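Heads up, the thing below is written out as structure tokens.
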Amino acid sequence: MTIDSHVHFWNYDAVRDSWITDEMKILKQNFLPDQLSLHFKDYNVDGCVAVQADQQEAETLFLCQLSKEHDFIKAVVGWIDLRQDDIDKRLQYFSQFPVIKGWRHIVQAEPDGFLQQEKFQRGIQALSNYNYTYDLLLYHTQLKQALEFVQRFPQQKFVIDHCAKPGIKNKEIDDWKMYMKEMAAMPNVYCKLSGLITETNWNKWAATDFYPYLDAVFDLFGTDRLMFGSDWPVMLLSGNYRQWKNLVEKYMQDFSATDKEKIFSLNAIRFYNL
């Protein structure tokens, strides 16, 4: 079995999706489950986790509706304003949708200090009442503040999206690795093997460009807290589904069958309680 732990869906809207710049024009179109299902059939993927790409509650409801129409969407990581005063009431409302397993905020676009906001941390604290996970989307330059943040919640299940977007393009690794080591020291923190091909020169990379970073996260997190993800369709900026899945499979070619199963399905199943 293979579970893709990180995909997105959207009906493209130029105003709402203004983060998609002209150099990303390949993303200026609809990306919906019917398109992804073709890749899943070709590359033997059995299911996925649909992750928010827009910061509105309507986004969460949109993904929930898609999951009703397509049974290969096994979980939703939605968006909710964790800073709102009635956060527990809103979480209670969304608890009626069992497909919602966790939440995410686009922290990479926020100023320094966002994670330290008292209201945001109060929202994070409320997640445990519903056994919700939390996806950390950030750049490697934000890891120091993220580390301080995560240390406040030792019982909360966190997963670092896209290996914290290391500076692969410029071969930056030392500071990233130092902070990822501290992150990995906390047993409640997982990491996704996703989104890396867009952190280097688009469409001009070699598989070996990623190996030092893969070596690091496999060494730090082991095979029990890493999970395969594609970051489709954002990955199309720099490659395609086949390339990334094959790259991870080739990297793991000498791993045991048990470890491969953990990375490609079991860890995501356990983390998101699928």
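The values are calculated or read from the model by the stated rules, or taken from the named source; none is laboratory data. Given the structure is predicted, the values throughout are model-derived calculations rather than measurements. For neighbour counting, all protein chains shown are included, and Cβ atoms are generated from backbone atoms with ideal geometry for every residue, glycine included.
Close Cβ contacts (under 7 Å, 6 or more residues apart or on different chains) running from residues in the stretch 3-27 that are closer than 23 Å to residue 134 by Cα to residues that are of a type in the set (Lys, Arg) comprise 3/74; 5/192; 6/192.
Quick check on the stretch 181-196. Is at least one of its residues basic (Lys, Arg), modelled with pLDDT of 95 or more and within 17 Å of residue 108 (Cβ to Cβ)? Within the stretch 181-196, one or more residues are basic (Lys, Arg), modelled with pLDDT of 95 or more and within 17 Å of residue 108 (Cβ to Cβ). The set of residues in the stretch 224-246 that are among the hydroxyl-bearing types (Ser, Thr, Tyr) and within 17 Å of the chain's Cα centre (by Cα) comprises 230, 241. Here the condition is being surrounded by 14 or more Cβ atoms within 10 Å (Cβ to Cβ), in contact with a Phe, Trp or Tyr (Cβ under 7 Å, 6 or more places away or on another chain) and not aliphatic (A, V, I, L, M); of 52, 29, it holds for 52 alone. Residue pairs whose Cβ atoms lie under 8 Å apart, sitting 6 or more positions apart in sequence or on different chains, and linking a residue in the stretch 52-65 that is of a type in the set (S, T, N, Q) to a partner that is assigned to a helix (DSSP H, G or I), are 52/59; 52/60; 52/63; 60/94. Would you please name the residue that is nearest to residue 136 (Cα to Cα), looking only at residues in the stretch 36-51 that are in contact (Cβ under 8 Å) with a residue 60 or more places away in the chain and part of a helix (DSSP H, G or I)? The selected residue is 36.
Scanning the stretch 52-73 for residues that are under 13 Å from residue 97 (Cβ atoms) and either part of a strand (DSSP E or B) or in contact with a Lys or Arg (Cβ under 7 Å, 6 or more places away or on another chain) (or both) yields one hit, 73.
If you check residue 91 against the conditions, is it crowded, with 16+ Cβ neighbours inside 10 Å, part of a helix (DSSP H, G or I) and either in contact with a Cys (Cβ under 7 Å, 6 or more places away or on another chain) or touching a residue at least 24 places away in the same chain (Cβ under 8 Å) (or both)? Spelling it out, residue 91 is indeed crowded, with 16+ Cβ neighbours inside 10 Å, part of a helix (DSSP H, G or I) and either in contact with a Cys (Cβ under 7 Å, 6 or more places away or on another chain) or touching a residue at least 24 places away in the same chain (Cβ under 8 Å) (or both).
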